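What follows is a short report on a single structure.
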């Protein structure tokens, strides 16, 4: 007689430490299975979609940290959040770390969470991720997260499986709506890649709580070429979407603020009533405040009521030389020195050996060029927070500037700088979008200047450098410059496709003419690994013939994917 063994699965009535670890492992496995799909989710048809890879690497770091002993669900989530932060890659990785941090905060001290506590944790996760973003953009993961949280709260009276199912269902519905919320997605007929990753993780939570149950799935939206795509891994979009703001406000107000967190929460509400483009970020009592307003005095008075503001900066938009909204870089944030300088107003002693620079780039030529300028160079295209932090430490300096050179690396660089400040290193991030801006920033670097002044000078030099790049389309897609086909040459300016061509040299010449038509005295060309022979010399001759008073600097960068990087100053 043959014995028949039947495996019975008991649905957990709570989420404890073991459940969190199982979810982490299941989520990582699911992200690995969907990595290629999510990597392919990209609005623009350029070969740099890596959201899926970044999520896998970040979740790997989180699950490794979860293996450490933990007393309860909140404790394990806290360890996962810390591991994710240090292992975060790209904007999607930073957002994942913030989601885990929010859950951990909501479940602090909780050994086993019931349905209501799980719902509140998912809600706090969504809120925390939204708060962490400089300019939240609807139609991204920042829309999917709140929708999942709202659905979870609606099912909070049920068990943990019911809450997880509601969250996953809400996330899938919100993901399908992302093309309606973001014009770039609607134009390409796509969904958001980061949002898709969140759906995968929530489905893994359902599987963890429901055993072998098959999780329902909603088919993603197909792009114009029949390829499923999204926004968060490429350009534009994602965490560092450039600030826009309403034209009705005439002034930009920024300051550093020493204040306790409860006072800062009240400050956020007060400033939100005065204007828009509000950003308040920081920790350990030091905050960076940014807002667009008409009543400058009220914005500063709100800071005085909350705590002690310093380094107050007011910019009247009408007075700016470059009126384009996206030409104003965020002010570099050096919060570590605020406590000393705000109180004392003293000039720091100048010690040249105490300054350092960290630069992120790809390509051996670029690495050699920037390294020769005294920078510690990170050559991986998408470094983790821990890798950037290690590079800051390798400088051996007490004051360090980080140049991320990619919008998708900026959030990681900012997180690493915050970690460095916690360790006593004054670290600031100049938000460079391209290596050509890094070269412009390095050209004005002066270690005999006060550190804060030097960081500001580097940021201003980077902002004056208009950047562009040439790459090859890997698929058919609809862009703002028209429809492109696989193999077309794309000229991308400030994150938007500006030209579509068939020949690299010819398209590059047209790009230079367009950029120099807006003015410029210096052109920097960085030739990539796959560029045609003599591309640099061809462009030199073109500029000499068409723009005889413009100086040209050309370097062999060796960077992949981009045959040419261009900077105009």
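All of the numbers you see were taken from the coordinates with simple rules; none came from a lab. Keep in mind that what you see is a predicted model, and the values were worked out from it rather than measured. Reconstructed Cβ throughout: ideal geometry from the backbone, glycine too, with neighbour counts over all protein chains shown.
Each principal axis of the Cα cloud of the range 466-568 was evaluated for its coordinate range; sorted largest first, these ranges are 38, 27, 19 Å.
Sorting the segments 136-146, 263-273 by their mean number of nearby beta carbons within 10 angstrom, highest to lowest, gives 136-146, 263-273.
Packing order of peptides 539-552, 416-429, highest average first: 416-429, 539-552 (average count of other Cβ atoms within 10 Å over each peptide's residues).
Taking neighbour counts of Cβ atoms within 10 Å as a proxy for exposure, in what order, fewest first, do 249, 255 appear?
The most exposed by this proxy come first: 249, 255.
Taking the alpha carbon gyration tensor of the range 17-210, multiplying each eigenvalue by 5 and rooting it gives semi-axes of 25, 18, 14 Å, largest first.
With a 10 Å radius around each residue's Cβ, average the other Cβ atoms per peptide and rank 463-475, 192-204, 361-373, highest first.
Working: 463-475: 21.8, 192-204: 29.5, 361-373: 19.5.
Most protected by this proxy first, the peptides run 192-204, 463-475, 361-373.
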